[in-house]
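Novice: The following block contains the structure, expressed as structure tokens.
The values are calculated or read from the model by the stated rules, or taken from the named source; none is laboratory data. Computed from a predicted model, the values in this text were never measured in an experiment. Neighbour counts are summed over all protein chains in view; Cβ atoms, including those assigned to glycine, are modelled from backbone coordinates with ideal geometry. For accessibility, only protein heavy atoms count, side chains too; no ligands or nucleic acids. Shrake-Rupley method; radii C 1.70, N 1.55, O 1.52, S 1.80 Å.
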Amino acid sequence: MSAEIRVYVITKHSKGNNHIAKPEDAAKTLCGKPVTGEGVEGAGICGNCNRLADRRGLVEATQEAAPEAADLVKTREAWLHRAVDILRPRYAALGLPIPEKLHLSIGYGYKGRGGESRTIHGFCVSRFGSKDGVNHIFISPEIEETWRVLATLMHELIHAGDDCASGHKGTFARVAKALGFEGKMTTTDPNEALIEDLKIIADELGEWPHGALIAPRKSPRAPRKTAPEVEAEEGDEGEGEPEGVEHSGDKAQKNRHVLLKCVTPDCGCEGYQARTTRKWLAVGLPSCPCGNEMQAA
């Protein structure tokens, strides 16, 4: 198994402590402090560096290990945690520190692909929605570009920072705009400066270790459902979003009922309209107040 090389150095901020640096760049410590000298034999190791190394799943190795043997990113989750470590200072500077512990995953969220808006790229669950009291963040498996993954992660990290308390207003909007997002706050488009910045971070992290999924609606192998299969059952007007859940997309559709209309010429109901579900349409078409059969509009 390949291993991370731990290079111990001293920084001007923490004399007497050795720091862990990346094997390909011994001048860049994991905790972000600058290097001013060589490591001190027998000195303690920076706790922040050690914690970051453990979180990323890095394995301690000897100095003799070859740098090319280092495997910094073994999973998508490790990649996301590394990205969070790089992004943390931005949120702290804006007065919204990110929780130390996060669950970062790839997925569609609590309803799955079929039950949500087609534009959702990310999903955050507040701490009270998890039994261990930790925020869950999901990144859509359909995203392909590395910088877009980072942009989505940044959006969800704002939700995690205020535990989904402000939705897409208040604190969320303030921090999002300060970070470089613009447009509709539910989708938060990064401005040109932020996009360029995210591409630089992407170069540091390496390519997003993921093969984007093809959505069922785009895949030629996925059979298309007929209208009766897609429509909701009686009384199903959509659950909306549960309390304490925020995502980067439009709200879920709440009404899938079929619109019916009286099409009888010169009917006294004057084009009476009503809505019902496919379930009841299969039983029979209703009539307007004048007794004429209605048709789907």
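Here is a yes/no grid of residues against (1) at pLDDT 90 or above; (2) open to solvent by 10 Å² or more (accessible area, probe 1.4 Å); (3) outside any helix (DSSP H, G or I):
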| position | (1), (2), (3) |
| --- | --- |
| GLY114 | no, yes, no |
| ARG118 | no, yes, yes |
| CYS124 | yes, no, yes |
| GLY133 | yes, yes, yes |
| ILE137 | yes, no, yes |
| TRP147 | yes, yes, no |
| HIS155 | yes, no, no |
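Novice: Continuing with the same structure: Out of (1) out of contact with any helix residue (DSSP H, G or I) (no Cβ under 7 Å at 6 or more places or on another chain); (2) over 21 Å from THR186 (Cα atoms); (3) at pLDDT below 90, the odd one out for VAL73 is which?
Specialist: The failed condition is (1).
Novice: Using the structure shown, decide if ILE98 is within 18 Å of LEU30 (Cβ to Cβ), at pLDDT 90 or above and touching a Lys or Arg at 6+ places or on another chain (Cβ under 7 Å). Give the derivation first.
Specialist: Details: within 18 Å of LEU30 (Cβ to Cβ): yes; at pLDDT 90 or above: yes; touching a Lys or Arg at 6+ places or on another chain (Cβ under 7 Å): yes.
Yes; evaluated as a whole, the condition is true for this residue.
Novice: Would you mind telling me which numbered condition in (1) at pLDDT 90 or above; (2) of a type outside the set (Lys, Arg); (3) over 17 Å from HIS168 (Cα atoms) GLY107 fails?
Specialist: (1)
Novice: Further question: Mind checking which strands (runs of 3 or more DSSP E) fall wholly inside segment 190-297 and carry at least 1 residues that are modelled with pLDDT of 85 or more and open to solvent by less than 80 Å² (accessible area, probe 1.4 Å)? Break it down into steps so the answer makes sense when it comes.
Specialist: Working: elements: 245-247, 258-262, 273-276, 294-296.
In segment 190-297, the matching strands (runs of 3 or more DSSP E) lie at 258-262, 273-276, 294-296.
Novice: Report, ordered by the first and then the second residue, all pairs with beta carbons closer than 7 Å, sequence separation of six or more or different chains, a first member in segment 136-154 that is closer than 19 Å to HIS168 by Cβ, and a second member that is among the hydroxyl-bearing types (Ser, Thr, Tyr) and assigned to a helix (DSSP H, G or I).
Specialist: So the pair list comes out as ILE139/THR152.
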